Amino acid sequence: MTNAETELTPFPWHRKCPYQPPEEYAQLRPETPIAKVGLRTGREAYVVTSYEHVRKLLTEPNASSDRGHEGFPYYIDIPPQFRTEGSFIGWDPPKHTVYRRMAAVSGEFTKQRVRAMLPRIEQIVDERIDAMLEQGGPIDLVTALALPVPLTIVCEILGIPHQDHDYLHDRTDKLFGGKSSAEVRMAAITELNGYLAGLLEKKLKEPGEDLISRIVVRFHEAGLYDSRELVNLVRLLLNGGHETSAAMIAIGAMTLLEHPDQLEKLKNDWSLAPNAVEELLRYLTPGDLASSRVALADIDAGPVTIKEGEGMIICGGAANRDPETFPEPDKFDIERPNARNHVAFGYGVHHCIGAEIARVELTVVLTKLFQRIPNLRLAKPWNELQYKDGAVMYGVYEMPVTW
């Protein structure tokens with residue numbers, strides 16, 4: 001099936017509601033769960049929309065994450081450097097395995113380590129809510145809470161000075177923004193790489209007690225130190241450590257506000273918070289477009305054979321709304337029994353390395369936010385807000401709230 005035959009606008013499609021994935025997903029999934037569509041770049045790729053096929057292709061050895069491959073399906077205009085400035089998210093085993101293991105050298109990403117970080121996470125969240133209450137509403141939840149909390153946490157883990165946080169977010173926002181031109185993205189990645197290269201050299205000479213120091217020292221001792229590859233690795237950890245969580249905090253709070261029955265249920269039983277976070281991840285899936293692949297050989301994908309060199313865009317948001325796996329998928333239910341089966345963090349060897357940190361951040365933020373400001377409400381209707389349609393990470397640019 002081609003784009004012309006289905007009369008679909010070029011991919012990526014836009015959400016008409018912040019909670020619902022593009023309606024084209026639901027149109028394709030029952031009969032054409034793997035459909036070839038046109039991209040805005042002028043190329044074609046397969047869009048995968050069923051839960052079964054998403055999980056299968058995310059574990060398919062010949063479905064490569066190699067961003068440098070000619071057939072890799074970029075759906076936005078990118079600078080050529082995007083194809084060469086990748087990290088382990090864009091590598092395949094065995095290189096991916098080595099670098100991912102080395103990046104997790106200090107165990108920052110294990111459940112045990114995340115539990116140990118809980119008091120500091122709670123302190124950061126409380127400080128931001130204190131500032132919100134002191135200023136009073138209306139206030140932008142994105143800049144007041146959603147962005148600074150995960151950015152502060154990941155920068156503290158990595159060992160990035162606090163005074164550089166705004167500079168780094170500005171560059172990553174341009175890097176992933178759906179409205180950024182290829183030239184803007186090129187400038188952002190060049191500036192960000194330059195900053196990180198200098199920071200890595202400093203950490204190598206004067207290592208501290210942070211993750212970047214441990215990474216550079218371990219790679220150096222193993223004879224694997226390569227400034228360019230380590231810059232890309234740290235940039236991945238930085239971007240992944242705050243962009244997704246920032247998006248989820250804002251639109252997660254919005255979803256609860258727009259589903260008052262579920263919010264009331266949560267307020268009556270805070271033990272539901274962890275499962276509510278899983279349901280929000282399933283329901284919203286902000287990184288819907290982050291899992292793309294290219295075929296290294298012909299792949300028998302069931303309904304179609306994906307030929308060598310053809311691209312695949314694996315739509316986690318569509319899989320997370322598959323009624324075959326999640327009954328009444330468009331219903332937001334914080335008590336959904338299988339909510340944790342979502343693929344919002346990916347699946348297989350590229351499952352998000354920071355998933356546990358993200359879960360804890362979201363649980364702490366949303367719990368404390370509605371405990372401390374129980375009468376929180378949107379100060380502007382959701383349909384008047386500006387959303388990050390077409391961006392790698394879906395979200396909202398700003399979200400005024402009051403109480």
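The values are calculated or read from the model by the stated rules, or taken from the named source; none is laboratory data. Since this is a predicted model, take the numbers as computed values, not measurements. Cβ placement follows ideal geometry from the backbone for every residue including glycine, while neighbour counts extend to all protein chains displayed. Just the protein is used for accessible areas: all its heavy atoms, side chains included, with ligands, DNA and RNA removed. Shrake-Rupley method; radii C 1.70, N 1.55, O 1.52, S 1.80 Å.
One table, with the values for the structure above:
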| quantity | calculated |
| --- | --- |
| Global geometry of the chain, whether rounded, prolate or oblate, following the gyration tensor of its Cα atoms and the 1.5 cut on a/c | oblate |
| Förster radius 22 Å - calculated FRET efficiency between residue 191 and residue 14 (Cβ-Cβ, nearest 0.05) | 0.15 |
| Length gained when the stretch residue 331-residue 403 is fully extended (0.36 nm per residue, less Cα-Cα span) | 23.2 nm |
| Carbon plus sulfur fraction of accessible area for the range 128-278, probe 1.4 Å, in percent | 52 percent |
| Residues of the chain: accessible area per residue with a 1.4 Å probe, Å² | 42 Å² |
| Residues residue 351 and residue 298, FRET efficiency given R0 of 35 Å [Cβ-Cβ distance, rounded to 0.05] | 0.85 |
| Separation of the residue 95 and residue 118 label points, Cα + 7 Å toward Cβ, nm | 4.0 nm |
| By accessible area with a 1.4 Å probe, ligands and nucleic acids excluded, highest first: order of 298, 333, 269, 288 | 298, 269, 333, 288 |
| Of 16/174; 95/203; 111/203; 174/380; 36/111; 331/368, those spanning more than 30 Å from alpha-carbon to alpha-carbon | 36/111 |
| Cα-based Rg of the range 268-374 normalised by 2.2 N^0.38 Å, two decimals | 1.28 |
| GluC sites (Glu not before Pro) lying in DSSP loop within the range 289-345, provided at most 13 other Cβ fall within 10 Å | 308, 324, 335 |
| Simple label model, 7 Å out from Cα along Cβ direction - residue 371 to residue 162, nm | 2.3 nm |
| Sulfur and carbon atoms: percent of accessible area, the range 310-388 [1.4 Å] | 48 percent |
| The chain - mean residue ellipticity at 222 nm from DSSP helices (-39,500 (n - 2.57) per run, n ≥ 4, rounded to 500) | -14500 deg cm²/dmol |
